[in-house]
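Data first, discussion second: the structure below is written as structure tokens.
Where a number appears in this text, it was derived from the coordinates with a stated rule and is not lab data. On a predicted model such as this, the values are computed, not experimentally measured, just so you know. Here Cβ is always computed from backbone atoms with ideal geometry, including for glycine, and neighbour counts include all displayed protein chains.
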Amino acid sequence: MMGDEEKVDGRLNGEQPTVERDGLPVRLLYVVIIWVMLSLAQTVLGVATIVQFVLMALNQGKPNERLADFGTDLGIWMAKAARYQTGASDVKPWPWTELD
């Protein structure tokens, strides 16, 4: 059975769908849109961090599993967005591809 680290690594570096490379003007448009989405994601991550900390303080240090899983999913999305923005991948993140 795969551990959590292997699952995350597979979601980040696993098989990539074959996509056509966008021209530079189109890629620039996507980069700007994803930049705005990343800014929003950072705010959501900050709020989730504060909420998780409060929940852990109330639950004797035990994290909320659903919130922790959400944080993992958000982090993976942010990593995929960064890979597209920096040219490490031509695969756009969700909502242009499936959120795995």
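For this structure, a couple of remarks:
- Of ASP73, ASP90, ASP22, the one that fluctuates the most in a GNM where the chain has Cα springs shorter than 10 Å: ASP22
- Net charge of Cβ neighbours under 15 Å - reference ASP22; Lys, Arg +1; Asp, Glu -1: +2
- Between ASP73 and ALA41, the contour length at 0.36 nm per residue exceeds the Cα-Cα span by 10.4 nm.
- Histogram of C-alpha separations across region 24-100, 5 Å bin width, %: 3, 15, 23, 20, 14, 10, 8, 5, 2, 1, 0
- Rh by Kirkwood over Cα pairs, then Stokes-Einstein D for region 45-88 at 1.002 mPa s and 20 °C, µm²/s: 187
- Highest-fluctuation residue, ALA48, ALA57, ALA81 considered, GNM on the chain with Cα pairs under 10 Å: ALA57
- Neighbourhood net charge (14 Å Cβ-Cβ; Lys/Arg +1, Asp/Glu -1) for THR86: +3
- Here the label points at GLN60 and GLU5, each 7 Å from Cα along the C-beta direction, are separated by 2.9 nm in the simple model.
- For the chain, the 222 nm mean residue ellipticity estimated from helices alone, with every DSSP H stretch of n ≥ 4 adding -39500 (n - 2.57) and the total spread over all residues, rounds to -23000 deg cm²/dmol.
- Across the chain, C-alpha contacts under 8 Å between residues 6 or more apart give a mean separation that, scaled by the residue count, equals a relative contact order of 33 percent.
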